[in-house]
Structures are given as structure tokens and as C-alpha cells.
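Accompanying notes for the structure given below.
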Amino acid sequence: MLCDDCKKKPATIFFKEVLPEEVVELHLCEECAHKRGLIMTKKMLPIEILQRLLREKSVEDEKIICSVCYLSLAEFKRRGRFGCSNCISTFEPYIKNLIKQIHRSDKHVGRQAKLGPKKGFEVFKLREQLKKALEKESYEEAAEIRDKLKTFEVDNAE
Amino acid sequence: MLNNIEWLVPSDDKVKLGGEDSEIVVSSRTRIARNITDIPFEIKMKTDDSIRLVKLVRSVIGENIKGKYLDIQKISPLEKESLLECHFISPAFLDIDKPAGLFILDKGNISIMINEEDHLRIQGLSYGLNLTNISSEVFDLEEKIGEDLAYAFNETYGYLTSCPTNLGSGLRASVLLHLPALVFTNEVEKVLKGAVQIGMAVRGLYGEGSEIKGGLFQISNQHTLGLKEEDLIESIVKLTHMIMDIEKKARNVIFTKARYEFEDKIFRSLAVLKSARIISTDEVLNLLSAVRFGIGTGVIKDITLGVINEIMLVSRPANIQLYFGEVLEEHERDVRRAEYIRKRLSGKSKITKSK
Ligand SMILES: [Zn+2]
Ligand SMILES: [Zn+2]
């Protein structure tokens with residue numbers, strides 16, 4: 001017997017529900033039973049939904065690339081992980097639905113990160129400046145920036 | 001380095017006893033994931049980035065917070081196993097091969113993993129139903145660190161994480177519940193199914209599979225986007241109260257029906273713990289469940305939950321080796337575990353402070 005839902009895989013789970021007006025009998029394959037949320041211990045976790053959704057691939061995926069870390073959408077789909085804080089802006093149009101299906105929501109409403117001068121940002125800016133200085137071949141400036149960068153490093157000694 | 005497990009186990013009985021209803025609610029845990037804007041995430045990190053991350057975080061934490069720092073690459077596999085058993089690290093840290101660290105706050109209830117799947121994993125554990133308090137402690141720490149570090153953040157998707165399943169709040173909150181009566185009356189599946197329906201994940205303790213040990217179940221949130229942190233925590237606390245009520249009702253029912261049978265099971269379990277000469281971790285977990293149940297129902301009066309919580313922790317395979325300060329084979333572990341439990345239950349041995 002084939003699964004009532006997908007009509008492809010053999011049905012391995014039989015489900016009978018008595019509703020006020022009718023008796024519903026379902027014959028499902030395991031995957032479709034999960035989709036209906038019928039098995040408690042095996043209900044799909046967000047990570048499993050993610051893995052399933054990432055299987056949908058497109059030839060364009062190789063061409064969509066994060067400008068900061070150079071992660072392609074294709075690699076994101078292979079690994080299921082972002083490469084940097086910029087990736088999400090690049091991939092958003094293509095993964096909007098995926099995020100919504102995982103979380104049943106598409107908008108953060110919780111705590112807000114405080115902005116302001118912080119170590120994470122300063123290092124970022126200094127690195128950009130250093131890159132530019134090196135491009136301009138102004139090595140004196142580059143040396144100064146390197147010195148500043150060093151102040152963010154702390155000795156590893158116990 | 002960890003020649004004794006003492007510093008991993010709360011020495012204060014009050015801490016071990018935990019907050020309200022600490023028999024049914026064994027523990028409450030909170031974890032938040034954070035990344036730093038200008039450092040690549042895990043899959044794009046080079047060794048240089050890892051070194052920079054660890055240094056940067058250590059410099060920020062070192063200025064503000066008192067605690068113990070462990071270089072994960074420098075500690076032994078056995079010590080790592082122990083840290084895992086104490087919930088200070090995740091399985092991913094066991095065979096990590098990049099610069100990474102763990103910071104354990106002096107109070108012993110909060111730790112920070114540096115360079116796991118996310119740059120920072122700030123986590124807190126408390127015994128009993130104490131989710132609200134431990135969460136606000138964790139968030140206080142997160143804010144403190146956030147004054148110096150720029151967290152990766154996006155208006156729409158909140159805090160940015162390595163894995164899309166953690167986007168938003170990056171928050172995973174959980175409670176570990178002890179539900180022996182619901183297991184006995186076969187209602188536990190029905191009750192926990194309700195939890196799954198409202199977006200929680202449910203699992204048996206110490207295993208990804210469905211196997212249930214010692215009547216322990218962990219409930220945690222599955223979604224991190226679209227819910228305020230406080231609301232999420234409140235919904236878990238509410239759900240926990242609901243499940244607790246059902247468990248208590250089930251206890252009344254089974255005690256009215258078969259009081260002596262249950263008292264018998266409880267005292268037999270205690271007797272085995274008090275006199276066994278060889279005992280496995282699984283057996284301990286099951287027997288402790290019965291004793292815990294006995295304490296919760298007032299059948300056992302002379303043993304505290306603090307002692308039970310300690311035995312549950314110290315009995316684990318790596319912890320028991322650190323407790324004796326020796327590497328032990330499985331059979332030897334079972335013998336020494338039985339020895340430790342006998343002493344602990346006869347009140348003779350407390351964990352001793354190593355200098
Ligand atoms: Zn099917
Ligand atoms: Zn990127």
C-alpha cells in the first residue's frame with residue numbers, strides 16, 4: 001500500500017482518528033507522518049527542517065556570493081551555516097522562506113544589540129584602513145595602524 | 001589540571017538544592033549564542049581568526065568577570081568528558097582542533113564557551129525551577145560583554161548565528177523534569193506531546209534517541225525567532241508548572257492505589273544504592289529516580305536532594321575518575337562508583353576540597 005499523502009513511498013504507519021462526524025483512517029509513510037506531526041518523539045526538529053529545505057538547489061546558487069566572506073549560496077546549502085555577519089543580507093531573498101518555515105516567524109522581536117564604539121568594530125575598521133593603506137603603498141600609515149591593532153591583542157600567558 | 005572534581009560540583013548545599021520544586025524540576029538551563037561582527041563565523045574562520053577571537057574575548061572577560069579560564073586544546077580528553085558531564089561544554093568541544101576556550105565563573109553556575117559553533121555560547125545552570133533567575137544572570141553577563149564587543153546583529157533577524165536555526169534571540173532555555181508517576185501511568189507521552197505542539201522539543205536525558213532513563217525529560221524551545229526572550233522563558237515556566245501539577249495528581253493516584261508497593265520500591269532502591277559493590281551509571285540513574293521520588297513524596301526524610309543531585313553528577317563515567325583522581329577501566333569504575341555512593345549515603349564522605 002502506498003502512502004496517502006505522497007503516493008510514492010510505501011505506507012508504514014496506520015493512523016485512525018475518530019472525529020465527531022467521521023472516522024479518518026490514514027496510511028502514511030514515515031516522512032509524511034512526521035510532516036503531519038503525528039509521531040511525538042520523531043517530530044521534525046528545526047535542524048531537520050533546515051536540512052530538508054537546503055536540498056532544493058538551483059544552478060544560480062554558485063553565482064550568489066557574500067562580498068565579505070565569499071561564501072556562495074551553493075556552499076551555504078551544502079553546509080547549512082553562514083560564513084559571516086554579512087551573509088544573511090546577501091542570501092536573504094533566497095532564504096526568507098526557509099527561515100520562516102524553520103521558526104514559524106520572519107522577524108526578530110526580542111532584545112536589541114547596543115551600538116557604539118566597541119572592540120569588534122574598531123578592529124574591523126582598522127583592518128579596512130590597513131588594507132587601503134597597503135593598497136596606496138603608504139607604509140608609514142600602515143605601520144601606525146598595525147601598532148593600533150596590536151593594542152587589541154592580549155597576551156595568552158596565564 | 002583538574003586533579004579533583006571538587007571545583008566542578010557546587011560545594012554549597014543551597015546551590016545543589018536549587019529553587020522551588022527541585023524534586024520534580026531537577027534543573028533549569030539557559031544558553032545564548034553570540035557572534036562578533038567583524039570576525040568570520042565558524043566555517044570561514046582561519047586559525048588567525050580563532051586566535052584573535054579567543055584573545056579578544058579573554059581581554060574583555062578578564063577585565064570584568066572573575067572566574068577560571070581553561071584552554072580547551074590543553075586539557076586532557078578525560079577532563080573534557082567531565083566538563084561535558086557537568087554541562088560546561090558541548091559534545092562539539094570534545095574533539096575540537098582549533099584555538100578555543102572555556103570560562104567558568106567563580107560561582108560555578110555560568111560558563112562561556114569561546115569558539116564553539118558560535119563565537120560565544122554563554123550558558124547558565126541552576127537546580128530546581130529557577131529558569132527566570134538563571135536567565136537574567138546570563139543576560140546580565142551577555143550585556144556586560146556586549147558593552148565592549150560588537151555582537152553581529154541585524155534588524156530583521158536579530159542576533160546572527162552560524163546556524164539559521166538559532167537566529168533571532170540565539171536563546172535556548174530548558175528544564176529537566178523528573179516524571180516517574182507519569183511514566184508509570186503511561187501518561188507521559190500524551191503530556192509531552194502537548195509540549196511539542198506548542199513548539200517545544202522533548203527528549204530523554206543523556207541521549208539523542210527516545211530512550212528514557214530514570215524518568216528524566218528535557219523540555220526546550222525549538223524556535224528562536226519571533227518571540228521575546230522573557231515571553232519564551234515565561235511560557236516554559238508556565239508549561240513546567242502545568243506538567244508538575246499533572247505529575248502530582250498522578251502521584252496521588254498511584255499512592256492511593258498501591259502505597260506499600262511504591263514504598264517498597266523506593267526503599268529497595270535505596271538499599272541497593274547503600275550496599276551495592278558494583279554499579280553502572282544507568283543503574284544509578286534508575287535507582288536515584290526512585291529515591292528522588294521517595295524524597296519528593298515524603299517517604300524518605302533523612303536524605304536531601306542536594307546529596308542526590310551530587311551523586312547524579314559525580315557518578316558519571318568521567319566524573320567518578322576525577323573524583324578518585326585516577327584513570328579507571330569500566331569494571332573498576334563500577335566498583336569505585338558503588339564505593340563512593342555507599343560512603344555518600346552513609347554520610348561519611350563529602351567531597352573534599354583540594355587546596
Ligand atoms: Zn508519504
Ligand atoms: Zn559572508
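The values are calculated or read from the model by the stated rules, or taken from the named source; none is laboratory data. Just so it is clear, the model here is predicted, and its values are computed rather than measured. Because the Cβ atoms are built from the backbone with ideal geometry, glycine has one as well, and the counts that use them run over all protein chains shown. Each accessible area value is taken on the protein alone, full model and side chains, heavy atoms only, with ligands, DNA and RNA left out. Shrake-Rupley method; radii C 1.70, N 1.55, O 1.52, S 1.80 Å.
Before moving on, here are some points about what is shown:
- Loop-located GluC sites (Glu not before Pro) in the stretch B:68-116 (DSSP state not H, G, I, E or B) with no more than 11 neighbouring Cβ atoms inside 10 Å do not occur.
- Of the chymotrypsin sites (Phe, Trp or Tyr not before Pro) found in the stretch B:148-182, none is in coil by DSSP with at most 15 other Cβ atoms within 10 Å of its Cβ.
- Accessible area per residue (1.4 Å probe, heavy atoms of protein chains only) ranks A:LYS131, B:LYS193, B:LYS44 as A:LYS131, B:LYS193, B:LYS44, with the largest value leading.
- Accessible area (Å², per residue) of the stretch B:213-355, counting only protein heavy atoms and a probe of 1.4 Å: 48 Å²
- Shape class of chain B from the alpha-carbon gyration tensor: oblate, with a/c at 1.5 or above and b/c at least as large as a/b.
- Farthest toward positive dipole pole in the stretch B:148-254 [+1 Lys/Arg, -1 Asp/Glu at C-beta], among B:VAL188, B:TYR157, B:LEU176: B:VAL188
- Mean-position separation - Cα centroids, the stretch B:216-281 and the stretch B:50-80, in angstrom: 35 Å
- Counting only heavy atoms of the protein chains and using a 1.4 Å probe, A:CYS84 has close to 10 Å² of accessible surface.
- Number of partner chain Cβ atoms within 10 Å, mean per residue of B:142-150: 4
- Sparse-neighbourhood loop sites, trypsin sites (Lys or Arg not before Pro) in the stretch B:66-150 - DSSP loop, at most 10 other Cβ within 10 angstrom: B:LYS66
- Maximal additional length on extending the B:SER59-B:HIS241 stretch stands at 61.4 nm, based on 0.36 nm per residue less the C-alpha distance.
- At an R0 of 60 angstrom, the distance between the Cβ atoms of B:LYS274 and A:LYS131 translates into a FRET efficiency of 0.30.
- Protein accessible area in chain B, 1.4 Å probe - carbon and sulfur %: 50 percent
- Most fluctuating residue given options B:MET200, B:MET45, B:MET113, as computed from a GNM of chain B linking Cα atoms under 10 Å: B:MET45
- When chain B is described by a simple charge dipole with +1 on each Lys and Arg Cβ and -1 on each Asp and Glu Cβ, the residue from B:THR224, B:THR30, B:LEU313 located farthest towards its positive end is B:LEU313.
- Between B and A, roughly 5000 Å² of accessible area is buried in total, ligands, DNA and RNA not counted and the probe set to 1.4 Å.
- Take each residue of peptide B:164-173, count the partner chain Cβ atoms within 10 Å of its Cβ, and average: the result is 6.
- Computed label-point distance, nm, for sites A:ARG78 and A:TYR94 using a 7 Å Cα→Cβ extension: 1.3 nm
- Estimated distance in nm for a label pair at A:MET44 and B:SER76, the labels positioned 7 Å out from Cα along Cα-to-Cβ: 4.6 nm
- Scanning chain B for long hydrophobic helices, with DSSP H runs required to stretch 20 angstrom or more by C-alpha along their axis and to average at least 0.5 on the Kyte-Doolittle scale, returns B:281-296.
- Solvent-accessible surface of the stretch B:27-94, taken per residue with a 1.4 Å probe and all protein chains present: 37 Å².
- Cα-projected label distance for A:ARG55 with B:ASN186, points at 7 Å along beta-carbon direction, nm: 3.5 nm
- Residues B:ASN286 and B:GLU261, FRET efficiency given R0 of 22 Å [Cβ-Cβ distance, rounded to 0.05]: 0.85
- Listing of the stretch B:42-71 residues, each with accessible area lower by at least 30 Å² in the full protein assembly than in the chain alone (probe 1.4 Å): B:ILE43, B:LYS44, B:ARG52, B:LYS55, B:LEU56, B:ARG58, B:SER59
- Candidates B:ASP302, B:ASP118, B:ASP49: whichever shows maximal mean-square fluctuation once chain B is modelled as a Gaussian network with Cα springs under 10 Å: B:ASP302
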